[in-house]
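Take a look at the structure set out below.
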Amino acid sequence: MKFGTLYSYWGNAWSCDYLETAKRVKKVGFDILEIGAGHLLEMEDSDIIALKDLAKEIGLTISCNIGPPKDKDVASADPSVRKAGIKFLSDIMKAMKLLESKVLVGVQYTYWPNDFTDLDKPAIWARGVESVKELGKVAGDCGVKMCLEVVNRFETHILNTAEEANQFCDEVNDPNVGVLLDTFHMNIEEDNICEAIKTAGSRLWHLHVGEGNRKVPGEGSLPWAEIGQALRDINFTGGVVMEPFYYQGGAVGADIKVWRDLSEGASPEQMDQRIADSLVFLRKNFLKEA
């Protein structure tokens, strides 16, 4: 397993200086920096290459995370929106090829966060399957693994459980399409987090981790030792990426619904130590011998 964090840990905006953030993430001790995939389409090729070169220099892997907007919904009833969504995700994967990033994660089968104006789940599901089939071919051409993220009922009504993700992947039937589970979402939706991990099995290519209140692992009540054992039981070798959110305000606070300062006024240095301690905690629980 390799360990990482989402880029937005230190702020409440869906943006950052990626070169400086990469250095900071590496200094904490991580192996992976997860960036906003949509940002690649806003960057010059020279900026993408600079990030690629820095990551190679410091020994950091880059994964990419996307929550497509509604006007890029690959499962929309509107064919023009579906087409726009397929182009959007295809362009991202082509930019990832330049970055030499191999893993794209997120709600790539519809849009995020869902506003639940269309509740015809079977129709949305079927359109999503057809679009992801098309995207799987692009992923293969770009050397990218698409990890479809399973999220809770308040963010989508399409893939809420590992069992649903398996069914969706069965219908897509593409070797470049797998599953991302997230302990925060599983804590809401699954009867048993460890059994959900085993249900995903070899299809689980990426894992997001965070406590039930979205703090870093070790600051809450989730059963991390048992989760680590479940990962070892399925011989998981993918990325384990923290997705912590502490700060209210800004686009992050609004999208993630952070209504108070979960950091309790911590300084940037204290936040560095907090996530570094969590990394030690995770490695201890996930990598120890069974």
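Observations on the structure shown:
- Modelled FRET efficiency - R0 25 Å, THR117 with ASP191, Cβ distances, 0.05 increments: 0.30
- Gain upon complete extension [ASP17, ILE49; 0.36 nm per residue less C-alpha separation]: 10.1 nm
- Using θ = phi - 60° in the Karplus curve 6.51 cos²θ - 1.76 cosθ + 1.60, the 3J(HN,Hα) couplings for segment 79-85 round to x, 5, 6, 4, 4, 5, x Hz; x is entered for Gly and Pro.
- Each principal axis of segment 5-58 carries a Cα extent, and these read 28, 28, 14 Å when sorted largest first.
- Which listed pairs, of LYS97/LYS215; LYS257/LYS288; LYS27/LYS215; LYS23/LYS145; LYS52/LYS257; LYS27/LYS52, have C-alpha distances above 29 Å, in listed order: LYS97/LYS215; LYS257/LYS288; LYS52/LYS257
- Between ASP272 and LEU41, the contour length at 0.36 nm per residue exceeds the alpha carbon distance by 80.2 nm.
- Cα gyration tensor category, rounded, prolate or oblate, for the chain with a/c compared to 1.5: rounded
- Relative contact order computed over the chain (Cα-Cα under 8 Å; 6+ residues apart), in percent: 18 percent
- Each of LEU104, LEU282 was scored by other Cβ atoms within 10 Å of its Cβ. Listed from fewest to most, they are LEU282, LEU104.
- Residue of GLU264, GLU130, GLU243 that the Gaussian network model of the chain assigns the largest fluctuation, springs spanning Cα pairs under 10 Å: GLU264
- Derived scalar couplings between HN and Hα for segment 86-94 equal 5, 5, 4, 6, 5, 5, 4, 5, 5 Hz in order, rounded to whole Hz, by the Karplus curve 6.51 cos²θ - 1.76 cosθ + 1.60 (θ = phi - 60°), x for Gly and Pro.
- Extreme residue, positive dipole direction of the chain, given options GLY4, LEU222, CYS194 (C-beta unit charges): GLY4
- Along segment 199-211 the Karplus relation, 6.51 cos²θ - 1.76 cosθ + 1.60 evaluated at θ = phi - 60°, assigns HN-Hα couplings of 5, 5, x, 5, 7, 6, 9, 7, 10, 9, 10, x, 6 Hz to successive residues, with x for each Gly and Pro.
- Built amide H within the under 5 Å cut-off of SER76, gap 5+: ARG82
- Residue with peak Gaussian network fluctuation, the chain [Cα springs, cutoff 10 Å], from ASP31, ASP120, ASP73: ASP120
- Other residues whose C-beta falls under 14 angstrom from the C-beta of HIS206 contribute a net charge of -1, scoring Lys and Arg +1 and Asp and Glu -1.
- Residues PHE88, PHE116 arranged by fewest to most Cβ contacts within 10 Å: PHE116, PHE88
- Comparing VAL151, VAL280, VAL103 in a Gaussian network model of the chain where C-alpha atoms under 10 Å apart are linked, the largest mean-square fluctuation is found at VAL280.
- Under 5 Å from the amide H of MET242 lie the amide H atoms of GLY4, THR5, LEU6, VAL209, each residue being 5 or more positions distant or on a separate chain, with H modelled from the backbone and absent for Pro and chain starts.
- Distant-in-sequence amide H partners of GLY106 (H built 1.01 Å from N, under 5 Å): ILE66, CYS147, GLU149
- Ratio of the Cα radius of gyration of segment 191-290 to 2.2 N^0.38 Å, where N counts its residues: 1.16
Read-outs: derived from the displayed coordinates by stated rules, not from any lab. What you are looking at is a predicted structure, and each value in this text was computed from that prediction instead of being measured. Methodologically, a virtual Cβ is constructed for each residue, glycine included, from the backbone with ideal geometry; neighbour enumeration extends over all protein chains shown.
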